[in-house]
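The values are calculated or read from the model by the stated rules, or taken from the named source; none is laboratory data. All of these numbers come straight from a predicted model, not from anything done at the bench. All Cβ positions, glycine included, derive from the backbone under ideal geometry; neighbour counts span all protein chains shown.
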Amino acid sequence: MEEVRVCADGKSALVRCKNQTVQLWELPAGKALASPVRFDAPDAELASSRDGLTVLIRGPGGTAQLWDMLTAKAKGDPIRHNVKIMDAAFSGDGRTVLTAGYDQEVRLWDTETGRPIGEPIRHDGIVNTVTLGADGRTILSGSSDQTARLWDIKSGMSLGQPLQHASEVLKVVLSPNGRLALTVCSDGSARLWDVPSCKPMTRPMQHEIGVESGTFNADGTIVLLRCADGTTRLYDIPQPLPDNPKLVRAWTRTQSGFQLDEKNVLRQLSQAEWLESQAELAALHEHPSLATSGN
């Protein structure tokens, strides 16, 4: 056994074995739901729909094949790029699949017929990675041209400005609500982006041992980064403060150690004042109703 992928419903899993097969199993019974699907290339890459019922198997060349995992039969025409397919990602409903190619293109395919939908989307370099937002409308791709780009799936038009990086982009992920993007670069760094503005939210996240991949937790409040040394690092995502003057004032005083006096002159807080601000902020977080009472 080489890999196990638990399906979205938690009741089944795709199991890849060393004998170059992949098979759908029922959980927790451990019962095979269908015959195994066999593939020729030992280094083949697999992408699967959320329900595990459709798998795309691609080898080292520019061809991939869709498979129905309940019948163990091929679905539709082979999917083809001119050269190597670098990555693939299914839509949430499993009806379409995106592929990223060494030919600098992103393509969308129908998973029943294997036929292309619309025109290819082009980068100025090899497209290393691609993903589709949970809304099924937004594509995020990453390229050797040192950019990640957002695209409208229907029109194929770019959304906003490119997300510029200092090195090629190897991995991209969209948050569950589609408002944040996570990118991982060949220099071992990860970056967090605000999707609507296409602007970075934080400084690059870097370690002595480089970052290889990353993802969001289920509610999109934490980033999980997998590093080259096998460790995982967690980062809390900065959250916007509520539109409440009392809470904003307490947070600003606590974080900066300064405040404006009655003449709007900036002055440093004493230690006692700073500790008082910390206590006030903690109380406002613990009892949100205090933030709306008084001025």
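So residue 137 passes all but one of these: (1) buried (at least 18 other Cβ atoms within 10 Å of the Cβ); (2) at pLDDT below 95. Which condition number does it fail?
Here residue 137 clears every test but (1).
Given (1) of a type in the set (Ser, Thr, Tyr); (2) farther than 17 Å from residue 211 by Cα; (3) surrounded by 15 or more Cβ atoms within 10 Å (Cβ to Cβ), where does residue 113 come up short, assuming only one miss?
(3)
Test of understanding: among 64, 47, which residue is closer than 12 Å to residue 114 by Cα, modelled with pLDDT of 95 or more and either surrounded by 18 or more Cβ atoms within 10 Å (Cβ to Cβ) or touching a Leu at 6+ places or on another chain (Cβ under 7 Å) (or both)?
64
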